[in-house]
Ligand SMILES: [Zn+2]
């Protein structure tokens, strides 16, 4: 796991500001979760975060604490919550940027599409009477694994 000190410093001061304005407690758990979130690459589930937390954190954080903390981070714009009909897909958003995501309609897999030309195009989009804060594009389709399963299932149907 890569440790991004600069990113965490930035995230930490934004969280402190958020908590102070709302008069919420600055618990060490919240900062510990934030530190691990800053190390997550790509989109992650609560399970994946919990796994990383176990490796990284000196204390145990319950799943409900993780869930509530992530919801709070989403409100603080420190993470993006991807609402795709499947609960709990998050992504670190300490440095907001345009993003495009591939979404499999069969297994629910979501991953980033890292095509610089698409990201640049999305970053430049302007809309009338609307201020775009963060462009996120979802491309729905079929992942390779599911496509192979469908082909195999169709072959079985034909032969039986
Ligand atoms: Zn799939």
Query - Checklist (1) in a helix (DSSP H, G or I); (2) in contact with a helix residue (DSSP H, G or I) (Cβ under 7 Å, 6 or more places away or on another chain) applied to residue 68, failing item - result: (2)
Report summary line: Restricted to region 133-160 and to residues being in a loop (DSSP other than H, G, I, E, B) and modelled with pLDDT of 90 or more, the residue nearest to the ligand (Cβ to nearest atom) is 143
Query raised in the report: What residue, of 101, 92, 38, 107, is within 16 Å of the ligand (Cβ to nearest atom) and in contact with a helix residue (DSSP H, G or I) (Cβ under 6 Å, 6 or more places away or on another chain)?
Result: 107
Query raised in the report: Inside region 59-83, can you point out the residues that are touching a strand residue (DSSP E or B) at 6+ places or on another chain (Cβ under 9 Å) and either farther than 13 Å from residue 30 by Cβ or surrounded by 15 or more Cβ atoms within 10 Å (Cβ to Cβ) (or both)?
Result: 70, 73, 74, 78, 79, 80, 81, 82, 83
Query raised in the report: Of the residues 90, 106, which is outside any helix (DSSP H, G or I), outside the structural domain of residue 19 (by TED's automatic domain parsing) and either within 23 Å of residue 14 (Cα to Cα) or touching a residue at least 40 places away in the same chain (Cβ under 8 Å) (or both)?
Result: 106
Query raised in the report: In this structure, is residue 123 surrounded by 10 or more Cβ atoms within 10 Å (Cβ to Cβ) and either within 16 Å of the ligand (Cβ to nearest atom) or at pLDDT 90 or above (or both)?
Result: yes
Requested in this report: Collect the residues in region 84-99 that are surrounded by 16 or more Cβ atoms within 10 Å (Cβ to Cβ) and over 13 Å from residue 45 (Cα atoms), keeping them in residue-number order.
Outcome: 93, 94, 98, 99
Report task. May I ask you to verify whether residue 117 is more than 16 Å from the ligand (Cβ to nearest atom), surrounded by fewer than 12 Cβ atoms within 10 Å (Cβ to Cβ) and not in a loop (DSSP other than H, G, I, E, B)? Result -> yes
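So that you can scan it fast, the table gives a plain yes or no per residue for (1) over 24 Å from residue 133 (Cα atoms); (2) in contact (Cβ under 8 Å) with a residue 40 or more places away in the chain:
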| site | (1), (2) |
| --- | --- |
| 5 | yes, no |
| 35 | yes, no |
| 74 | no, no |
| 84 | no, yes |
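The values are calculated or read from the model by the stated rules, or taken from the named source; none is laboratory data. Since the model is a prediction, treat every value here as computed from it, not as a measurement. Don't worry about glycine lacking a Cβ; one is built from the backbone with ideal geometry, like all the others, and counts go over all protein chains shown.
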